[in-house]
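Derivation of every value follows stated rules applied to the coordinates shown; laboratory data play no part. None of these values were measured; they are calculated from a predicted model. In this analysis, Cβ positions are derived from the backbone assuming ideal geometry, glycine residues included, and neighbour counts consider all displayed protein chains.
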Amino acid sequence: MITAPLTGRGDDPPETPRAALAGGRVVDRLLLRLEWRVVRRLDGRMQGAYRTPRRGSGLDFAGLRPYVEGDDARHIDWNVTARLDEPHVREFIEDRELTAWLVLDRSASMVVGGPGRGKQDVLAELALILARLLGRNGNRVGALLYDAGTVRIVPPGTGRGHALRIGRELDRTPASRAAATTDLAAMLDAIASLARRRLVVVISDFIGTGEWQRPLIRLAHRNDVVVLRVVDGADDALPEAGLIVVEDAETGEQVLLDSADPWFRTRFRDGVEERDAELRTGMRRAKVPLHRVDTAGDLLQTLLAVVAETGRRRA
C-alpha cells in the first residue's frame, strides 16, 4: 500500500496555481450551494444527535452495574446497594467532543453515472455536507481517500475551511483508472489503523475485491461505523441493446456480449442480487447500518431518512 502526501500527487504533475485557484472556487461554490439547500435543513436535526455508546461521565443516566475495584465511590447508588446487599454504581452516557473520519472511495468504479451526477459527484457532495455538519462546535473531521491502493489522508480539523480542504483534495484527485480492482479489505484496514473510538462514515459503492467482512467487524468493534453505499442505475441494470462492448471500470477489461440474450440477462440479474444479499449479510454480522444513496435520488431526502433511522436505532 502506498501513502501519498498531500503536497503532491506521486507521479502526477503538480497543479498550477491557476488550476488550484479555479478548483478551489468550484468547491467553494458547491459547498455554498449545499449549505443553502441541504446543510441548513439537516443542522437542526443533527444538533446533539451524537452520543457515544461508551459509558462514562455525563448527565444522562444509562443504568446500574455491580461495583468493581477502581470505580469512583461517588457514583455508588446507596439505595440500590442497601436493597440488593451488593454495591452498585450508576452509569451515564458520556458526552464528549466528536472526532469523525470520512472514508472516501475514489476507485474507478465510482466514475459510473451521468455527466455531473455520477457516483463520484454524489460522494463529493456527501463528504462536504458531512464535513460541514460534523465539524462544528469544536468537533473534528478527518478524511481518508482510497484509490487503487493509494491512501491520502486529510488530518482531522474543524470548521468550514477544513470542509473546503477536504473538498479540494477530492477535486484534485481524479478517480484512478489503474488496472487493479479496489481492495475493500485494505481500505477498511487503512482506516482501522487511524480511528480508535471514533465515528467512521464509509462512503463507497462496495464494488471490489477482498474479504472485507472481517475487517469491517474489527473496525466496528472499536468505532461507531456507518456505511453510505452510493449506487447508480448502471450498476444494476443492463440495457437491451444487442451486441455491446462492456468495460470493467476497475480493471479496464473489455468483453463483447449480447445484451438481449435472455440467459445472459438472467445471469446478470442473479449476480446483482447475490452481490446485494452478500453485502446486507456482511453488514448485519458487523452490526453496521447500511444506507443506500442513489445518484438519481434527492440527496436531502436521503440524508433526512438516514438521520431518522439513526435516531430510531439509538432510541
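Could I have the simple spin-label model distance between Arg33 and Asp276, label points 7 Å from Cα toward Cβ, reported in nm to one decimal?
About 2.9 nm, to one decimal.
What length, rounded to one decimal in nm, is gained on full extension from Arg41 through to Asp294, with 0.36 nm per residue of separation minus their alpha-carbon distance?
Working: separation 253, 0.36 × 253 = 91.08 nm, distance 1.95 nm.
So the extension gain works out to 89.1 nm.
List the GluC sites (Glu not before Pro) within the range 61-158 that DSSP assigns to loop and that have no more than 16 neighbouring Cβ atoms inside 10 Å.
On the way: sites: Glu69, Glu91, Glu94, Glu97, Glu125; in loops: Glu69, Glu94, Glu97.
Passing sites in the range 61-158 are Glu69, Glu94, Glu97.
What is the set of long-range amide H partners of Val200 at a cut-off below 5 Å, with H atoms built 1.01 Å from backbone N?
Answer set, sorted by chain and number: Trp101, Asp224, Val225, Val226.
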